[in-house]
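Enquirer: Input: one structure, supplied below.
FYI, it's all coordinate maths here, none of it is from the lab. Note that this is a predicted model, so its numbers are computed, not measured. FYI the Cβ positions are ideal-geometry reconstructions off the backbone, even for glycines, and counts take in every protein chain you see.
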Amino acid sequence: MPRRYVCLVVVVLLGACASPDRSPVMPSTNVVYYDLVQGGHPHVMYAPSSNRHAALPAGGPSSLDLVLHNGPVATQFATTAIYWGPQWGTNPFTGDKETGITSLLQGLNGSNFLTHLLEYYTFGLPTTDMTRTLTYQQSFTDHSTPPSGDLTNSPGTVGAEVCNVLSANHVTPGTAFYLVYSTTPVPGTVCGWHHFGSCGSTPIEYAYMLNMDNSPCASLVPQVGGHSIGLSGLANTTAHELAEMMTDPDASAWYAPSLGASGEISDLCGFTFHATSTTLSNGAVFGLQDLWSNEANDAGYGFAGPDGGQGCQPAPPSSHVVAWISGGPDPFQATLRQYCTWTASAASGTAPYTYAWRASGSNLLYTTGSGPTFIENSFSPVNYTLTLTVTDAHGQQYSLTRTVEVVSFPVGFCSTNP
Ligand SMILES: [Zn+2]
């Protein structure tokens, strides 16, 4: 199997730019980790001060970074809500929670909250190109009484519920992240979890959110937007689980090996809020936790999470320009002496956008460029740094930096002609 280097994306807001000296992180195939899924257990979001990791792992802050294991990131970008329990359909479950969850799921689509996920999507992975699209499909209600407890020992119970509800409504499974909202109260410290399974032979990804009224899962979330505490907790847990389902759907893609399967993008910043509120694409406002950025951690411009480090980042403000780079199948490996093309995209802020590229390294044909695409040709097998800065019509800026590994064997998307 060829060695695959995972390179890194840095998101620098407002020009507060460092020039970090990054080495590529090579995912190890023989790390020892606590893969909860291997035991048939889902990935769990705990309330603070419960079953969390106490100390920074040996190896320092960088050992917290998410590493790409060999699994895929998500390949579908849609959500479906399933309301499970007898109280759904009566207030406040309908008037507050259900309308609020609908607003959350609609507003996440195209929101800057999803921007940080792009750091983990611009790799040569078996996935479609994620461009902040997360379409809300529909919701279903099942008034049967869900089992008591958090179901972490029997996640298939929830998977079967998803399959049954879809079947009863003649809906083809597998086209969305299925978010199951239970009327069962948080029984202890488990706020929610995500897991995967199948309906027949069709793989599905699903999450289970418990009723978190009167629990720390909700009371520790900033209460904004006029929402109840219970809805605020559900929204934060939903965002937490969705970010993990997208970057680590089968507990085999992005997680910190030092923390095992409980070190995913949201866990490393669990109950860490550095934005007082997050405004979504439909104007809905929620208190949503930070997400982990490897590059913020490595460059040291992020915030500490419950396990330490400096990788926690709030969502960029909804009005702020954001950008991402695509180019595949593997935009981080370039072939020696071939032309490689990267493409920039920008959103939010105010169009038109201008694009500035800079490549820093030895034996490069081009070192700067403008426009949404950039072509590079390297004459030596080195790593170089590729920086994109997007400026909107009002002068707001957003920058990303990548480390590109130039190898001497043919890879990916590079071509002999620009
Ligand atoms: Zn989690």
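Enquirer: Less than 10 Å Cβ to Cβ from residue 256, Lys/Arg counted +1 and Asp/Glu -1: what total charge do the surrounding residues give? Don't skip to the end; give the middle numbers.
Expert: Values: positive: none; negative: 65, 264, 267, 307.
Here the count lands on -4.
Enquirer: Rg over Rh of the range 130-213, using C-alpha atoms and the Kirkwood radius, what does it come to?
Expert: 0.96
Enquirer: Kindly identify the range 35-288 as rounded, prolate or oblate by the Cα gyration tensor criterion: order the square roots of the eigenvalues as a ≥ b ≥ c, call it rounded if a/c is under 1.5, otherwise compare a/b with b/c, prolate if a/b is larger, else oblate.
Expert: Working: a/c = 1.30, a/b = 1.18, b/c = 1.10.
Rounded.
Enquirer: While we're here: Residues of the range 131-173 with backbone nitrogen within less than 20 Å of a virtual label 7 Å along the Cα-to-Cβ line of residue 282, please, listed as ranges.
Expert: 131-142
Enquirer: Shape call for the range 60-120 from the C-alpha gyration tensor, a ≥ b ≥ c root eigenvalues: rounded (a/c under 1.5), prolate (a/b greater than b/c) or oblate? Please report the intermediate quantities before stating the final value.
Expert: Numbers: a/c = 2.48, a/b = 2.33, b/c = 1.06.
Prolate.
Enquirer: What does the net charge come to around residue 389 if you take all other residues with beta carbon closer than 14 Å to its beta carbon, with K and R at +1 and D and E at -1?
Expert: Values: positive: 358, 402; negative: 392.
Overall, the nearby charge balance is +1.
Enquirer: Taking a ≥ b ≥ c as the square roots of the eigenvalues of the Cα gyration tensor of the range 272-366, is the shape rounded (a/c under 1.5), prolate (a/b larger than b/c) or oblate? Can you show the working numbers first?
Expert: Details: a/c = 2.81, a/b = 1.55, b/c = 1.81.
Because a/c hits 1.5 or more and a/b fails to exceed b/c, the range 272-366 counts as oblate.
Enquirer: Could you tell me how far the Cα centroid of the range 142-172 sits from the Cα centroid of the range 59-123, in Å?
Expert: First find each Cα centre; the distance between them is then 19 Å.
Enquirer: Under a Cβ-Cβ cut-off of 13 Å, what is the net charge of the residues other than residue 235 that fall near it, where Lys and Arg count +1 and Asp and Glu count -1?
Expert: On the way: positive: 97; negative: 96, 98, 241.
Overall, the nearby charge balance is -2.
Enquirer: Here is a further query. Given the C-alpha centroids of the range 328-406 and the range 244-277, what is the distance between them in whole angstrom?
Expert: Each part reduced to its Cα centre gives a spacing of 27 Å.
Enquirer: Moving on to the next point. Using Cβ contacts closer than 10 Å as the measure, can you line up 269, 163 from fewest to most?
Expert: 163, 269
Enquirer: Report, for the range 35-288, the % of DSSP beta bridges that are antiparallel, rounded to 5.
Expert: Just about 45 percent of them are antiparallel.
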